[in-house]
Amino acid sequence: MGNDADRYRRFLDGDDNGLREIIDIYYNGLTLYISGIVRDVSETEDIVQDTFVKLAVKKPRFNGKCSFKTWLYAIARNAAYNYMKRHRARFTEEPFDECITLSDGTDVEKEYLKTERNMELHRCMKELAPDYYQVLYLMYFEALDTEEISEVMDKSKRQVGDLLYRAKKSLRSKLERAGFRYEEF
């Protein structure tokens, strides 16, 4: 099994399994990322599907100057902003509730409390400005470094650093108002 750029190259060479593997790997992460921008489940799904359709039909060239993940997230982000420009009147500010399932762990109470904290964290993140949400999501949930985030968000590394600082500060304030102590997050 090769890396994602190799999967994409295989797809471009005629192996449809390469694209299927890319979709399997990135679908959930892209969905969460785009939902933070669009804040609507059905629109998010459309945008993520449009991103993969663009890969399948237009077959954009991956030049390798950044990681495949960074390149793909930048395509999805641009698709989200383009979609929002075309359909601005259809968007609401209501965040969506995700289906939460408990794991089969032995300590259900501990798992429940962890789930509650995660739900509150998710709710507080949804209240952040879109750029703040994006920079935190890309840094902590997608494990991208500052350089990759700057490419995805089309900002300088300095701007990303400043955004990250302000986003953390804003999130911390929201979490403290929600009753979290600093040690908890």
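Every number here is computed from the coordinates shown, using simple stated rules; none is lab data. Not measured: the values here are computed from a predicted model. With ideal geometry, Cβ positions are generated from the backbone for all residues, glycine too; neighbour counts draw on all protein chains shown.
Rounded to two decimal places and with Rh computed the Kirkwood way over Cα pairs, what is Rg over Rh for the stretch 4-90?
Reported Rg/Rh (Cα atoms, Kirkwood Rh): 0.98.
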Next item on the list: Taking the Cβ of each residue in Ile25, Ile75 as the centre, tally the other Cβ atoms inside 10 Å and list the residues starting with the fewest.
Entry: Ile25, Ile75
Notebook entry, point to check: Which ordering of Tyr33, Tyr73 is given by a fewest-first count of other beta-carbon atoms within 10 Å?
Noted result: Tyr33, Tyr73
Next item on the list: May I ask for the distance between the Cα centers of the stretch 1-29 and the stretch 66-84, given as a whole number of Å?
Entry: 16
